[in-house]
Amino acid sequence: MKFCTSLFRVSADDYLEIARVADTYGWDTLLLSDHLLHPERIASPYPYDPSGERPWEASDDFPDIWVASAMMAAVTTRLKLLQMVYILPLREPYSVAKSLGTAARMSDYRVGLGLGLGWMREEFDLVGQDFAVRGARCDEMVEVMRKLFTGEMVEHHGRFFDFDRLCMRPAADGPIPVVVGGNSRPALRRVARLGDGWAPAFVSDEELVAGIAEIRSQQSEFGRADAPLAVYYRPLDFPDPDEIRRLEDMGVTHCTVAPWGQDDPPPPLAHRLDGMKRFGDDVIAKLGDGGG
């Protein structure tokens, strides 16, 4: 089992120190959250809470994903950086491929892509993207980006993007995992067709097992029956050793933990670091794989 923790509602000023501690104490991955802007009023309901209210405040930080990842990669040696999740269809593929590919290559491929479709229509309206077609657009973006990562002359003629032969350098021809967030049937199919991993949100154990089985079945349809599948899962309760072993048996490869307890209100940095160190010593050192 590999262990991750999220930087959701963490001050950007604390990222580098948290990264250093995570790197030292055996954590495998830090998970970054993404929003471009925070409209004061929105009509879009947050889908994972019956109230529909956003689970963060206007004062919470959402720093630029690629700048933050590059900074943290520069002060660590083995720690991986991923997003839960990066709202890919809010952007266009060329600049994302350039930023992600550069960060991945210069960090010895410790930066990946954890993508989601987004739920806040207001963000899409602000940047002029069509919220209604974000799923299809996202899928084509991944296809385009993977072509650009090769560094070779490539072309693409699709529904949303069309270009003749060109190349993007430096090449990012090492492993850049694509982890897909979401619980819907289209999300599971997206994992099966183009993903290297799945990150469900707020699902039960039964839903988790069923989702993994559905992804595996559909991977065969796409000729990917033998493709590895990373599963990022945050258990509802703080995991003890028995729970961790049970999650492994269910197919979970990456267990997401908040070792400092509740995020509301966000705890101070010292409290976060103490929790990360204790969990590293008491759990990761004994049950984890050292983040390898």
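Tell me which residues, restricted to region 13-37, are under 19 Å from ILE87 (Cα atoms) and either out of contact with any Ser or Thr (no Cβ under 9 Å at 6 or more places or on another chain) or of a type in the set (Gly, Ala, Ser) (or both).
Matches in region 13-37: SER33, ASP34, HIS35, LEU36, LEU37.
Return the residue satisfying two criteria in turn: it lies in region 56-82 and is part of a loop (DSSP other than H, G, I, E, B) and either in contact (Cβ under 8 Å) with a residue 60 or more places away in the chain or of a type in the set (A, V, I, L, M, F, W, C) (or both), and of such residues it is nearest to VAL127 (Cα to Cα).
Restricting to residues being part of a loop (DSSP other than H, G, I, E, B) and either in contact (Cβ under 8 Å) with a residue 60 or more places away in the chain or of a type in the set (A, V, I, L, M, F, W, C) (or both), the top hit is PHE62.
Could you give me the residue pairs with C-beta distances under 8 Å whose first residue belongs to region 220-241 and is over 19 Å from ASN183 (Cα atoms), whose second residue is loosely packed, with under 12 Cβ neighbours inside 10 Å and of a type in the set (Lys, Arg) wherever it lies, and which are 6+ apart or on separate chains?
PRO241/LYS286
Looking at (1) on the phi > 0 side of the Ramachandran plot; (2) over 16 Å from the mean Cα position of the chain (by Cα), which is the one condition that is false for TYR109?
(2)
Within region 96-132, can you find the residues that are part of a helix (DSSP H, G or I), more than 19 Å from ALA68 (Cα to Cα) and touching a residue at least 24 places away in the same chain (Cβ under 8 Å)?
Correct list: ARG121, GLU122, GLU123, PHE124, LEU126, VAL127.
Could you run through region 162-192 and say how many residues are crowded, with 16+ Cβ neighbours inside 10 Å and either without any contact (Cβ under 8 Å) to a residue 24 or more places away in the chain or out of contact with any Pro (no Cβ under 6 Å at 6 or more places or on another chain) (or both)?
15
Condition first: closer than 30 Å to ARG137 by Cα, out of contact with any Ser or Thr (no Cβ under 6 Å at 6 or more places or on another chain) and modelled with pLDDT of 90 or more. Can you find one or more residues in region 256-278 that meet it?
yes
The values are calculated or read from the model by the stated rules, or taken from the named source; none is laboratory data. These figures come from a predicted structure and were not determined experimentally. All Cβ positions, even for glycine, are placed from backbone atoms using ideal geometry, and neighbour counts span all protein chains on display.
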